[in-house]
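So the structure is just underneath, and the comments pick up after that.
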Amino acid sequence: MITISSMASTHRLFTTAAATALLLTSAVACSSTDDTAAPKGDCPVTPVKVTVSVDQWTDMVKSLAGDCAVVQTVVESTATDPHEFEPTPADTAKLTNADLVVVNGLGYDEWATKAADAASPQPAVVDAAEATGRTEGSNPHVWYDPAAQQKVAGAVTGALPKLQPEAATYLQSRSSIWAKDQVPYRQAVDRTSMVAKGRTYAATEPVAEYLANALGMTDVTPKGFAQAAANETEPSPGDVTELLEALRTGKVDVLLVNSQVEGQLNRQLVAAAKAANVAVLTVTETQPPGTTGFVKWQVFQLDELAGALQTPPS
């Protein structure tokens, strides 16, 4: 039996922690000053104001903009569920006062899209889901798709020079820097796919579905269970029984568990996987506290998955 632990076991606790995160976000927003009064660093023009709805895209935007933007993020806490987030006036101001807003889309951060649409004048908007050609009903966890990273980066790189034409050369150089920084992530995807291709997985939630599919893995999560998880509803007893049977009979090589969600059902599934000698890999929807960027977060999880799948499929 192989059990892989997460970098940091975090839980989605939308109570005191969420309230604290909101207060802190509001306080930071209210205390911030306008840093866009003059050119900074290597940027040849005055930086623009960019607001990112959720922190899964923040590292990318900061890297691509470099000194040519002051970047703020609305939801940065793992204690806050972006689906259910209620922005404060200070949060809304971050969006309505921005020159560029970067959202995830697909309803994941609808509050951000609505705020940007209601602003006057309206900021430019990069929607990650739209940039990757996804439509309503698709899995919203777009950042877990390796191919999506390049497409969203292209959309951001395309949007910034329209706001700062004189900085086009600088911004193009930032695009090259970002691509270089992505190399460890691309390498981790490639080496993990060598052991993951053809293997099977089941998931308590479709958080890392895009990544697992990109690695060539086969999703054997019972359809009813997967639909319930995607709709954030309770699976039926029959769906749970079907998944437990799949674990017990060896149809699943690895169980992917979102460690930011706790509950009796997840504990039951993890126990069943361990009893059946099925690898358990905990993944997180957002960057866990203490991580130092998107690339290191994803490389860690990819390496953990590769380690869990070292045993060849039977």
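Extension gain for the segment residue 67 to residue 274, taken as residue separation times 0.36 nm less the Cα-Cα distance, is 69.7 nm to one decimal. What FRET efficiency, computed as 1/(1 + (r/R0)^6) with R0 = 41 Å and r the Cβ-Cβ distance, is obtained for residue 135 and residue 310, rounded to the nearest 0.05? Once rounded, the FRET efficiency stands at 0.65. The GluC sites (Glu not before Pro) of the range 107-186 meeting both criteria, a DSSP state outside H, G, I, E and B (loop) and at most 11 other C-beta atoms within 10 angstrom of the site's C-beta, are 136. Rounded to the nearest 20 debye, the dipole magnitude of the chain is 840 debye, with +1 charges on Lys and Arg beta carbons, -1 on Asp and Glu beta carbons, and the Cα centre as origin. With all pairs of different C-alpha atoms in the average, the Kirkwood value for the hydrodynamic radius of the chain is 20.6 Å. The range 72-114 and the range 161-221 have Cα centres spaced 23 Å apart. Does a label point 7 Å from the Cα of residue 83, set along Cα-to-beta-carbon, have any residues of the range 250-284 with amide nitrogen under 20 Å, and which are they? The answer is 256-270, 282-284, whose backbone nitrogens lie closer than 20 Å to the label point. Applying 1/(1 + (r/R0)^6) with R0 = 22 Å to the Cβ-Cβ distance of residue 180 and residue 45 gives a FRET efficiency near 0.40.
Any chance you could run the full-extension gain for residue 122 through residue 150? It's 0.36 nm times the residue separation minus the Cα-Cα distance, nm to one decimal.
On the way: separation 28, 0.36 × 28 = 10.08 nm, distance 2.57 nm.
Result for the pair: 7.5 nm of gain on full extension.
Since every read-out is calculated from the coordinates, none of them should be taken as a lab result. Since this is a predicted model, take the numbers as computed values, not measurements. Positions of Cβ are generated from backbone atoms using ideal geometry, with glycine treated the same way; all protein chains shown enter the neighbour counts.
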